[in-house]
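The values are calculated or read from the model by the stated rules, or taken from the named source; none is laboratory data. All values reported here derive from a predicted model rather than from experimental measurement. Cβ placement follows ideal geometry from the backbone for every residue including glycine, while neighbour counts extend to all protein chains displayed.
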Amino acid sequence: MLNYNSTIIEAKEFSDIKISEVEPTLKINLRGKNRDFVTKIGKELSIILPTDPNTSSGNKELNLLWLSPDEWLIYSNDKNNLKTINSLEDKLFNDISKTKLGSVTNVTDHWIMINLKGPKIFDMLSAGCPFNFNKFKDSKGAVTQTLLNHVDVIIHNKDINNLNLFVRRSFSNHLWLWMNDSARFV
Amino acid sequence: MFLINCPYCGERDQSEFSAGGEAHIVRPKQPTELSDDKWAEFLFMRKNIKGVQLERWNHTHGCRKWFNMARDTSNDKIHAVYKMGEKPPIK
């Protein structure tokens, strides 16, 4: 946590695709089931927890992604310093985990966030992904968890032709190289 | 390759799922009083019919939730998908 090292060094730009790593960003995994948990999160972050499948909510700083009926991911839009990451985690941990409303796990080091931009990103992803992006493309804020080149990923449709992709740290270099390869051919 | 309609996430490719074997097998209430044969029957013996079978599936690479499915084993046609704890809608 204190020494942040990444295997991904530079941003890459291709004719219609731009790929860059956005790190370190805050990421917190939330789990909880009851109504108290949902209202508490809403109060703490002043963001309503998305309960519809494959959706997200957020404000200027934070995004809340739906992962499963009782699981969510919080992530920050911009790079943070590691102190702010710890302070939000502590706050949520004290108010939610300690009161047994749900569970809060800091997954900042678990996921790597990669930003994809450009009109051809979906063509690039489709080269190694079974997910149907037709509706996903146009719905802002849509979230999906799927496989990309056999690697588990979370994809968040931030804006039109602007995606944030989360991949596990150990797979990040492999997927990064695959994306660079794949981007050359679309 | 076929599509499975996850009760939580919607239609996804079959490669995101993993099969969990036959559904609705009830655990014996008093395992200590069972004979070894009966216990083995509960643990290992599964129907493997040609036709519609009730199965458990897990959306491993998606929401990671378990659910049940009525699938025809001869042609992979999915007749129904329902959540854990719900009664099978057919048969």
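Here is how the numbers come out for the structure above:
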| read-out | value |
| --- | --- |
| Neighbours by Cβ (under 6 Å, 6+ apart or cross-chain): first from segment A:48-70, within 11 Å of chain B (Cβ to nearest Cβ); second assigned to a loop (DSSP other than H, G, I, E, B) and of a type in the set (A, V, I, L, M, F, W, C) | A:Pro53/B:Cys9; A:Asn54/A:Ala142; A:Ser68/B:Cys63 |
| All strands (runs of 3 or more DSSP E) inside chain B with 3 or more residues being more than 11 Å from chain A (Cβ to nearest Cβ) | B:18-22, B:52-58, B:66-72, B:78-83 |
| Selection status of A:Leu177, more than 23 Å from A:Thr51 (Cα to Cα), more than 18 Å from the chain's Cα centre (by Cα) and away from chain B (no Cβ under 13 Å) | yes |
| Matching residues, segment A:118-160, being at the interface with chain B (Cβ under 10 Å from one of its Cβ atoms), more than 18 Å from A:Val186 (Cβ to Cβ), without any contact (Cβ under 8 Å) to a residue 40 or more places away in the chain and in a strand (DSSP E or B) | A:Thr146, A:Leu147, A:Val151, A:Asp152 |
| Failed condition for A:Trp178, given (1) outside any strand (DSSP E or B); (2) buried (at least 22 other Cβ atoms within 10 Å of the Cβ) | (2) |
| Residue ID - surrounded by the most Cβ atoms within 10 Å (Cβ to Cβ), chosen from residues in segment A:98-117 that are touching a helix residue (DSSP H, G or I) at 6+ places or on another chain (Cβ under 7 Å) and part of a loop (DSSP other than H, G, I, E, B) | A:Thr108 |
| Hits in segment B:10-29 - residues which are in contact (Cβ under 8 Å) with a residue 24 or more places away in the chain and either touching a Leu at 6+ places or on another chain (Cβ under 8 Å) or among the charged types (D, E, K, R) (or both) | B:Arg12, B:Ser15, B:Glu16, B:Glu22, B:Ala23, B:His24 |
| Test: residue in segment A:36-53 that is of a type in the set (Asp, Glu), within 19 Å of the chain's Cα centre (by Cα) and at pLDDT below 90 | no |
| Scope segment A:30-55; condition surrounded by fewer than 19 Cβ atoms within 10 Å (Cβ to Cβ) and not in a loop (DSSP other than H, G, I, E, B); matching residues | A:Arg31, A:Arg35, A:Asp36, A:Val38, A:Thr39, A:Gly42, A:Lys43, A:Glu44 |
